[in-house]
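Since every read-out is calculated from the coordinates, none of them should be taken as a lab result. Note that the structure is a prediction, hence the values are computed from the model and not measured. Here the Cβ positions follow ideal geometry from the backbone for every residue, glycine too, while neighbour counts run over all protein chains shown.
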Amino acid sequence: MTTLKQLQEAFRSGEEPLREDEYLGDDSLPYCKKCNTRRWFVTDDGKWAIRVMCDCQAEEARKQEDEEKRRKHLDEFYNRRELSLLGNRYKNANFTTATITSNNLEAFEKAKSYVKNLQEVLKYNIGLYVYGDNSTGKTYLTACICNELLWRKQNCIYTNLASMLDYISASYNGRGDGKGGLLARIKACDFAFIDDFGKEFLGREAQPTSSKWAEEKLFEVLNERYNAQKPTIFSSNYSIGELISVLGLDKAIVERVNEMATRVIKLEGDDFRSDVCKRKSEIAKRLGI
Ligand SMILES: [Zn+2]
């Protein structure tokens, strides 16, 4: 340990060299040439001094720390997104790039409020049921919500009933759906998204046994999330009423869905896919096709 006096003497005599970006101040201690603050902290009793960062070094360190945090957040986000099973097509779906029209404006505003009020959504277990005709952008809207929640450090699973059932039958065939499997994750994750809900039950009369089995398994999963009070977000071509009237889904399931869907959001048709088709058709036309 060197006392303050010894230190000042060492700097004055040059025994202790100054760094290239330092100059010797009137108090015989090194100062930063750039920000003119002292690089040594003198203790209250005035006897000792320890090297510290000057203002610009501290600022630089803060910036690096922020950058490090940002990179870590981004890495964790990519990791959560990978685990969410959100399809490649929707990985970059977000509120800023969404095509907002007079038809979907209200739905998007509600979706934004949903993620903005994340703490309340979790506290009161607020789920959503988004429905509308084909090509109204339901999947895009729910994918935007999913990405935003992933960014806010929530663990999400974005799946559909067909995938869930595939996993379940795989587990029956000994291929396993252990603790890390899809079903376990659907039950445990903060938010579960079930896309295109009901589609699997179209034409169920043709295969009553498998459809009954699918219903049982679906009820099991929904029940687990319901009991754990975790929010679920459904998207569907059918209104909740139509799940019974059109698809003939078991009443107990529909009641459960109804309870879980705190808010129902209807998307009016803009037919995004036919817009794409129109554009493509124009391109093809210009090519003389
Ligand atoms: Zn400095």
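For the reader, a short list of remarks on this structure follows.
- 10 Å binning of all Cα-Cα separations within the stretch 1-84, expressed as whole percents from 0 upward: 16, 34, 20, 13, 11, 6, 0
- Size of charge dipole - the stretch 1-84 - debye, nearest 20, with Cβ of Lys, Arg +1 and Asp, Glu -1, no other charges: 240
- Where no second cysteine Cβ lies under 4.7 Å, the cysteines concerned in the chain: Cys144, Cys146, Cys156, Cys189, Cys277
- Net length gained if the chain between Thr2 and Glu268 were fully extended (0.36 nm per residue, minus Cα distance): 88.1 nm
- Between the helical axis of 161-172 and the longest alpha-carbon principal axis of the chain there is an angle of about 90 degrees.
- For the stretch 19-52 versus the stretch 215-273, the gap between their alpha-carbon centres in whole angstrom: 67
- Principal axis box of the stretch 46-168, alpha-carbon based, largest edge first, Å: 77, 40, 30
- Cβ charges +1 (Lys, Arg) and -1 (Asp, Glu), total dipole of the stretch 1-155, debye: 800
- In degrees, nearest ten, helix 4-13 long axis to first principal axis of the chain (Cα): 70
- For the stretch 194-289: Kirkwood Rh in Å [reciprocal of mean 1/r, alpha carbons]: 15.7
- Nearest-0.05 FRET efficiency for Ser210 and Asn117, computed from C-beta distance (R0 41 Å): 0.55
- Between helix 208-227 and the chain there is an angle of about 40 degrees, using the helix long axis and the longest principal axis of the Cα atoms.
- Förster radius 35 Å - calculated FRET efficiency between Trp48 and Asn94 (Cβ-Cβ, nearest 0.05): 0.05
- Placed amide H near Glu16: partners under 5 Å, 5+ positions off or other chain: Phe11
- Net lengthening on full extension, Glu106/Tyr23 (0.36 nm per residue, minus Cα-Cα): 23.6 nm
- Just checking the listed ones, Ser113, Ser163, Ser13: in the Gaussian network model of the chain with Cα springs under 10 Å, the one fluctuating most is Ser13.
- For the chain, DSSP calls about 30 percent of its internal beta bridges antiparallel.
- Gain in span if fully extended, Asn134 to Leu165, counting 0.36 nm per residue against the direct Cα distance: 8.9 nm
- Per residue, the chain reaches -15500 deg cm²/dmol at 222 nm when only DSSP H runs of four or more residues are counted, each adding -39500 (n - 2.57).
- The chain - Kirkwood radius from inverse mean 1/r over Cα pairs (Å): 23.5
- 5 angstrom amide H check on Phe234, placed H, neighbours 5+ away: Leu128, Tyr129, Val130, Ile194
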